[in-house]
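Here it is, the structure in full.
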Amino acid sequence: MAMRDLYSSVATRLALAPASLAATTNGLSVDLFGMKSAAVFVAVGAITGAAAFSVKLQESSDNSTWTDVPAAFVQSDAPAVLAASFSYRLGYIGGKRYIRPVFTLASGTSAIIGAVAVVEPTVRPVP
């Protein structure tokens, strides 16, 4: 019987500590140095006042100047407006060293949102 061992193949990086967001918010920078691949997983909790948030990825070569990741380099199942009590994933297939999620509030009051990046290091097993 083959063993399924995802645990030893991936690592996690905090991309946004779960919080009540009431404005457009930049997530934390995730350093992809030494990583083969990366995905950002978003969890949405309660939404207050019909808050309409969207999520996108930004990239940077220097962790200072950020640009939106071109659509050709993002894999995503996130809708245009995030829904309460759902989770979404955004895969990054670009070549920059840093990525971060950005949560944009279009209308409404607030939502509880958190995000974690799952990265695949080039060296395994992951310590």
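Among the listed residues 54, 29, which satisfies the condition of being more than 25 Å from residue 124 (Cα to Cα) and modelled with pLDDT of 95 or more?
Within the list 54, 29, the selection yields 54.
Being part of a strand (DSSP E or B), more than 30 Å from residue 125 (Cβ to Cβ), touching a Leu at 6+ places or on another chain (Cβ under 9 Å) and in contact (Cβ under 8 Å) with a residue 60 or more places away in the chain is the requirement here; does residue 41 meet it?
no
Across the stretch 43-54, which residue is surrounded by the most Cβ atoms within 10 Å (Cβ to Cβ) among those that are under 13 Å from the mean Cα position of the chain (by Cα) and within 15 Å of residue 24 (Cα to Cα)?
The qualifying residue surrounded by the most Cβ atoms within 10 Å (Cβ to Cβ) is 44.
Another one. Go through (1) open to solvent by 70 Å² or more (accessible area, probe 1.4 Å); (2) on the phi > 0 side of the Ramachandran plot; (3) of a type outside the set (Asp, Glu) one by one and return the number of the condition residue 81 breaks.
Residue 81 satisfies all of (1) open to solvent by 70 Å² or more (accessible area, probe 1.4 Å); (2) on the phi > 0 side of the Ramachandran plot; (3) of a type outside the set (Asp, Glu) except (2).
Sticking with this one: Can you tell me which of (1) in contact with a helix residue (DSSP H, G or I) (Cβ under 6 Å, 6 or more places away or on another chain); (2) not in a loop (DSSP other than H, G, I, E, B) is the one residue 19 doesn't meet?
Status for residue 19: all satisfied but (1).
Give the stretch 88-109 a look and list any residue that's open to solvent by 60 Å² or more (accessible area, probe 1.4 Å) and either part of a loop (DSSP other than H, G, I, E, B) or within 17 Å of residue 13 (Cα to Cα) (or both), or say none.
89, 93, 95, 96, 97, 109
Residue 95 is checked against (1) in contact with a Phe, Trp or Tyr (Cβ under 9 Å, 6 or more places away or on another chain); (2) closer than 20 Å to residue 18 by Cα and fails just one. What number does that condition carry?
(2)
Could you grab me the full set of residues in the stretch 55-78 that are closer than 14 Å to residue 27 by Cβ and open to solvent by 40 Å² or more (accessible area, probe 1.4 Å)?
Passing the criteria: 56, 63, 66, 68.
Could you tell me which numbered condition residue 64 fails, if it satisfies all but one of (1) more than 27 Å from residue 122 (Cα to Cα); (2) without any contact (Cβ under 8 Å) to a residue 12 or more places away in the chain?
Unmet condition: (1).
Can you tell me which of (1) within 20 Å of residue 75 (Cα to Cα); (2) in a strand (DSSP E or B) is the one residue 28 doesn't meet?
Exception for residue 28: condition (2).
The values are calculated or read from the model by the stated rules, or taken from the named source; none is laboratory data. In this text the structure is predicted, and so the values were computed from the model without any measurement. Heads up, the Cβs are rebuilt from the backbone with ideal geometry, glycines too, and the neighbour counts pull from every protein chain shown. For accessibility, only protein heavy atoms count, side chains too; no ligands or nucleic acids. Shrake-Rupley method; radii C 1.70, N 1.55, O 1.52, S 1.80 Å.
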